[in-house]
Amino acid sequence: MKAVEVHNISMKYQSLNGEITALKDIGFSVQDGEFVSIVGPSGCGKSTLLSIISGLLSPSSGTVWLSGEKVTGTSGKIGYMLQKDHLFNWRTIWQNVMLGLEIRKAVTQEAKERARILLKTYGLYEFKNRYPDQLSGGMRQRAALIRTLVTDPQILLLDEAFSALDYQTRLAVNDDIYSIIKKENRTAILVTHDISESISMADRIIVLSKRPGMVKNIHEIKLSCSNRTPLNCREAPEFRHYFQEIWKELDVHV
Amino acid sequence: MFEDEEENIPAISQALNISLERQEYLRRERFGKISVRMTQILLLVLALVLWEIMADAKIIDPFITSQPSRIVKTIVQLYKEGVLFYHIGITCLETIVGFTLGTLLGTFLAVILWWSKFISKVAEPYLVILNSLPKIALGPVFLVWIGAGPASIIVMTLAISLIVTILEVLNGFWGIDQEKIKLVQTFGGNKFQVLTKVVLPASFPTIINALKINVGLSWVGVIVGEFLVSKAGLGYLIIYGGQVFKLDLVMTSVIILGVAAAIMYQGVVYLERLLVKNNDLKY
């Protein structure tokens with residue numbers, strides 16, 4: 001079953017200074033339970049693509065299907081993770097976790113129970129009455145993921161979701177979030193400019209070209225490591241090979 | 001175990017887990033604080049004494065500058081006439097109504113301007129002009145239009161504080177991290193939910209800040225209003241005292257005004273601490 005199908009997406013931005021083609025004829029699909037990463041040079045429209053898949057933006061042409069349903073606006077199937085955790089300082093962790101449910105008007109006993117279980121499973125339950133500034137960066141990112149997961153999305157869109165963290169925390173959170181996504185058996189699309197991060201986490205990598213963003217190549221990632229965690233996979237012998245290949249494709253000139 | 005007294009002091013501080021250096025540091029901090037406060041009080045006392053003596057010695061003319069003893073006398077006299085708290089009360093009430101209304105109405109109008117890009121673009125040049133216009137100039141118009149009473153005075157304070165509030169709060173709204181708004185939208189939130197879940201709570205410190213500015217502006221509005229309406233309040237006492245050459249009354253009113261304004265400002269600062277506990281300004 002295809003969780004996401006992107007068909008011939010093009011996006012043009014209009015401004016008084018002219019027209020910018022951000023994306024051109026993008027097409028790919030993502031299987032249920034698959035972890036796909038999108039990499040590309042900055043400004044190639046990666047984030048625009050995620051916004052289109054989530055229904056926040058409508059494309060100039062082309063269509064997106066989520067499990068066979070055409071996207072016309074935001075949908076409950078999608079969970080969106082932004083660059084920063086954006087936990088609200090004026091809400092406790094519990095209130096922050098409930099935000100999505102409040103907005104969807106879906107605060108039910110079951111949903112609350114689900115939130116409780118998620119908080120317990122991922123070690124945040126005793127912090128539920130704390131405020132975000134009392135938590136570490138990694139804990140905050142986990143709280144943000146739980147805020148997304150309680151709305152029970154089938155597809156997670158991670159928009160540079162780790163780039164605001166410092167390097168060590170980032171490696172730890174990579175492992176953390178990856179195991180949560182796999183355990184909860186969700187489909188994920190990760191947008192990043194970090195090649196290592198995308199190789200270590202993804203089953204497949206879609207490389208986009210410079211603006212206008214087009215699909216340049218799709219890599220099937222097969223790493224020979226015993227315990228599939230992002231950190232372990234960085235040790236795999238194939239890692240460097242993928243890195244070199246994608247680096248060349250990104251065609252970075254300084 | 002039982003050594004002499006001197007040896008016991010470090011033992012105690014060790015038990016309390018406070019090093020000697022820290023004790024020394026705390027003592028110096030405390031001393032610093034006390035000396036600042038003492039100097040402040042000393043300066044005030046010195047100024048009052050100097051004022052009194054110079055007026056007695058006729059170096060300055062107490063008819064014009066008044067003097068502390070005359071001010072105390074005037075306060076007692078006003079109290080005996082039973083009008084002291086009447087005038088203070090009226091002025092304070094007008095001020096409180098003024099800055100509360102100014103903040104609420106200003107925030108409401110800022111919400112409208114935030115909601116509609118079109119309205120905010122249309123309103124922009126008018127806001128700029130109104131902001132630079134000295135609103136006090138409109139005082140006589142309000143007086144004739146609304147009548148000589150508290151209503152005119154409150155409209156005067158609104159005229160002074162409203163535009164500033166709108167601009168301040170609107171700036172706060174526009175300064176909110178777009179990604180926070182996007183977060184609400186990814187959950188399918190509509191514009192009203194963006195307003196209630198992010199924009200208003202995130203702007204709460206800005207609104208409280210506007211409230212603080214409005215306290216100051218409202219005093220100006222109320223005093224000018226009372227000058228014009230000339231019926232009651234500290235502004236009335238000042239204008240009346242000036243007209244009948246009772247400058248003691250003018251000085252007394254000014255002093256009371258200063259104290260009342262300081263108390264009110266502290267009240268708002270206290271309110272801020274109470275309300276903005278977990279809503280710090282780092283966004």
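Values in this text are rule-based calculations from the coordinates and carry no lab data. This structure is a prediction, so every number in the text was calculated from the model and none was measured. We place every Cβ from the backbone using ideal geometry, glycine too, and count neighbours over all the protein chains shown.
Take chain B and mark each of the GluC sites (Glu not before Pro) that is in a DSSP loop with at most 12 other Cβ atoms within 10 Å; the longest unmarked stretch, sites excluded, is B:82-283. Under the simplified labelling scheme, the A:Glu220-A:Ser163 pair shows an inter-label distance of 3.0 nm, with each label point 7 Å from Cα along Cα→Cβ.
Within the same chain, aspartates and glutamates fewer than 8 places from A:Lys70 are excluded, and of the rest, those with a Cα less than 17 Å from its Cα are A:Glu5, A:Asp32.
Taking a point 7 Å from the Cα of A:Glu110 along the Cα-to-Cβ direction, none of the residues of segment A:1-25 has its backbone N closer than 12 Å to it.
Anyone know which of A:Ile117, A:Ile218, A:Ile20 comes out most mobile in the 10 Å Cα GNM of chain A? Of the options given, A:Ile20 has the highest mean-square fluctuation. With a 10 Å cut-off around each Cβ of B:174-187, the average count of Cβ atoms from other chains is 6. Sorted largest first, the spans of the alpha carbon positions of segment A:1-47 along the three principal axes are 43, 20, 12 Å.
Taking only the alpha carbons of the protein assembly as shown, we obtain Rg and Dmax values of 32.9, 100 Å in that order. Reachable lysines from A:Lys24, Cα under 18 Å, same-chain residues fewer than 8 places away excluded? Result set, ordered by chain and number: A:Lys12, A:Lys46, A:Lys210, A:Lys216. Each label was represented as a point 7 Å from its Cα along the Cα-to-Cβ direction; for B:Leu104 and B:Ile34 these points are 4.7 nm apart. Lysine pairs in segment B:71-275 whose alpha-carbon atoms fall under 30 angstrom of each other, counting only those eight or more residues apart or on distinct chains, come to 28.
Output the relative contact order of segment B:71-275, whole-number percent, from Cα pairs under 8 angstrom with separation of 6+ residues. Walk me through the intermediate numbers first.
Numbers: 221 pairs, mean separation 60.8, N = 205.
Once divided by the residue count of segment B:71-275, the mean separation gives 30 percent.
Using θ = phi - 60° in the Karplus curve 6.51 cos²θ - 1.76 cosθ + 1.60, the 3J(HN,Hα) couplings for segment B:136-151 round to 4, 4, 7, x, x, 5, 4, 4, 6, 5, 9, x, 7, x, x, 4 Hz; x is entered for Gly and Pro. Shown here is the pair-distance distribution of segment A:1-119: with all Cα-Cα distances grouped in 5 Å bins from zero up to the longest one, the shares run 2, 9, 16, 18, 16, 15, 12, 8, 3, 1, 0 percent. Rounded to the nearest angstrom and listed largest first, the equivalent-ellipsoid semi-axes of chain B from its Cα gyration tensor are 41, 40, 14.
Our coupling estimate for segment B:182-191, obtained by passing each phi through the Karplus curve with A = 6.51, B = -1.76, C = 1.60 and θ = phi - 60°, is 4, 4, 5, 5, 5, 8, x, x, 8, 4 Hz, Gly and Pro reported as x. D by Stokes-Einstein for segment B:138-283, Kirkwood Rh over Cα pairs, 10 °C, 1.306 mPa s: 89 µm²/s. For chain A, the relative contact order works out to 25 percent when only alpha carbon pairs closer than 8 Å and six or more residues apart are counted. Annotation note: trypsin sites (Lys or Arg not before Pro) in segment A:74-125 located in DSSP loop regions with a Cβ neighbour count of at most 10 within 10 Å are A:Lys105. Would you compute, from DSSP H runs of 4+ residues alone, the mean residue ellipticity of the protein assembly as shown at 222 nm, taking -39500 (n - 2.57) per run and dividing by the full residue count, rounded to the nearest 500? That comes out to -19000 deg cm²/dmol. The relative contact order of segment A:11-105 comes to 17 percent, based on Cα pairs under 8 Å that sit 6 or more residues apart. Once you reduce segment A:135-185 and segment B:169-203 to the center of their Cα atoms, the two points are 23 Å from each other.
Over 29 Å between Cα atoms, which of A:Lys84/A:Lys182; A:Lys2/A:Lys222; A:Lys128/A:Lys222 qualify? Don't jump to the answer; show the numbers that get you there.
Working: A:Lys84/A:Lys182 22 Å; A:Lys2/A:Lys222 20 Å; A:Lys128/A:Lys222 39 Å.
Distance filter (> 29 Å) returns A:Lys128/A:Lys222.
I'd like the FRET efficiency for B:Glu81 and B:Leu48, computed as 1/(1 + (r/R0)^6) with the beta carbon distance as r and R0 of 35 Å, rounded to 0.05. The partial results should precede the final answer.
On the way: r = 25 Å, r/R0 = 0.71.
Step by step, r from the Cβ atoms, then E = 0.90.
Counting Cβ atoms of other protein chains within 10 Å of each Cβ in A:98-111 and taking the mean gives 3.
Between B:Ala232, B:Ala148, B:Ala57, the GNM of chain B built on Cα springs shorter than 10 angstrom shows B:Ala57 fluctuating the most. Under a Gaussian network description of chain B, with springs only between Cα atoms under 10 Å, the residue in B:Tyr25, B:Tyr265, B:Tyr79 that fluctuates furthest is B:Tyr25.
Counting residues in segment A:144-238 as N, plug N into 2.2 N^0.38 Å and put the Cα Rg over that result. Write out the running numbers ahead of the final one.
Values: Rg = 13.7 Å, N = 95, 2.2 N^0.38 = 12.4 Å.
Its radius of gyration relative to the 2.2 N^0.38 Å reference: 1.10.
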